[in-house]
Amino acid sequence: MARYRGPKTKIARKFSEPIFGADKSFEKKNYPPGQHGNNRRRRKTSEYGLQLKEKQKAKYTYGILEKQFRNLFDKASRSKGITGEVLLQLLESRLDNVVYRLGISPSRSGARQLVSHRHITVNGEIVNIASYTLRPGDLVGVREKSKSLVAITEALESNRAGSSSWIEWDGAELLGKFMNVPERSDIPETIKEQLIVELYSK
C-alpha cells in the first residue's frame with residue numbers, strides 16, 4: 001500500500017503545525033526546516049504557492065497520495081453541497097480516520113496499520129481497506145482476538161476516545177458508532193479547503 005514514509009517532523013515544521021500528532025521533536029524545533037531556519041529570508045508566497053501548500057497539508061494530514069486525493073476531490077465536486085466541505089467530510093469518513101478519532105490509535109498512520117492488519121471490524125465484519133468510506137450508523141470495533149493488543153490498550157488509556165461529537169464510543173465493548181457525517185464546524189483540522197478548490201479549478 002503506497003503511503004508517505006519520509007521524515008514527519010520536517011513536514012510538520014514546513015506547515016508550522018504538528019499535523020501528524022504529538023511530536024516532541026516538533027516542539028523543540030517549531031520553526032521552518034532548512035539550514036537557516038527562521039533567519040532565512042523568505043519571499044512572499046504566490047497565490048498558487050498558498051493553494052498548493054494547503055493541498056499538500058491536507059494530503060499529509062490524512063495520509064493519502066495525489067491520485068487518491070484527486071479522486072476524492074472529483075467525487076466531492078460531483079456531490080451536492082460546498083465542494084471543499086464535502087471533500088473534508090469524505091476524508092473524515094474514511095475508516096482509518098474514524099479509528100483514529102475513536103482513540104483506538106494515537107495517529108492516522110497507526111490506525112491505517114491496524115486496519116490493514118485486520119484488527120478492525122465494520123458492522124461485525126473484518127475490513128482491511130483503510131480508505132473504506134463509512135456511512136451513518138456503521139459500527140466500528142476491534143476484532144475480539146485483537147482487544148488485548150498493547151498498541152490498542154495504550155492508545156485507549158489516553159482517554160481521547162469519543163472526543164468527536166459525530167461518533168460514539170463504548171469502552172466496555174471497544175465499539176464505536178459513526179453517527180453522522182460531520183459538519184465543517186465539527187472538524188478540528190485547520191485546513192483552508194477553499195484554497196484547494198481554487199487550485200483544482202484552474
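Rule-based calculations on the coordinates, nothing more; no lab input. As the structure is a prediction and not an experimental result, all values here were calculated from the model. Cβ: placed from backbone, ideal geometry, glycine included. Neighbour counts: every protein chain shown.
Would region 149-165 turn up any residue that is more than 14 Å from SER105 (Cα to Cα) and buried (at least 19 other Cβ atoms within 10 Å of the Cβ)?
yes
Taking region 73-86, which residues are within 12 Å of VAL197 (Cα to Cα) and either within 17 Å of the chain's Cα centre (by Cα) or not hydroxyl-bearing (Ser, Thr, Tyr) (or both)?
PHE73, ASP74, ALA76, ILE82, GLY84, GLU85, VAL86
Write out, first by first residue and then by second, each pair whose Cβ atoms fall under 9 Å of each other, whose residues are 6+ apart or on separate chains, and whose first residue, in region 84-107, is touching a residue at least 24 places away in the same chain (Cβ under 8 Å) and at positive phi while the second is among the aliphatic types (A, V, I, L, M) and crowded, with 21+ Cβ neighbours inside 10 Å.
Close Cβ pairs satisfying both conditions: GLY103/ALA155.
Every residue, every condition in (1) in contact with a Gly (Cβ under 8 Å, 6 or more places away or on another chain); (2) more than 22 Å from GLY176 (Cβ to Cβ), yes or no:
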position	(1), (2)
LYS59	no, yes
TYR62	no, no
LYS67	no, yes
ARG70	no, yes
ASP74	no, yes
LYS80	no, yes
LEU87	no, yes
ASP96	yes, no
GLN113	no, no
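Taking the conditions exactly as written (assigned to a loop (DSSP other than H, G, I, E, B) and farther than 25 Å from PHE69 by Cα), does SER131 satisfy them or not?
no
Yes or no, residue by residue, for (1) of a type outside the set (A, V, I, L, M, F, W, C); (2) in a loop (DSSP other than H, G, I, E, B):
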| position | (1), (2) |
| --- | --- |
| THR121 | yes, no |
| PRO136 | yes, yes |
| ALA151 | no, no |
| ASN180 | yes, yes |
| LEU199 | no, no |
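I want to confirm something. Restricting to region 98-107 and keeping residues that are more than 19 Å from MET179 (Cα to Cα) and surrounded by fewer than 24 Cβ atoms within 10 Å (Cβ to Cβ), which single residue is farthest from the chain's Cα centre (by Cα)?
Per the stated criteria, the residue is PRO106.
When only residues in region 41-73 that are in contact (Cβ under 8 Å) with a residue 40 or more places away in the chain and assigned to a loop (DSSP other than H, G, I, E, B) count, which is surrounded by the most Cβ atoms within 10 Å (Cβ to Cβ)?
So, considering only residues that are in contact (Cβ under 8 Å) with a residue 40 or more places away in the chain and assigned to a loop (DSSP other than H, G, I, E, B), the one surrounded by the most Cβ atoms within 10 Å (Cβ to Cβ) is ILE64.
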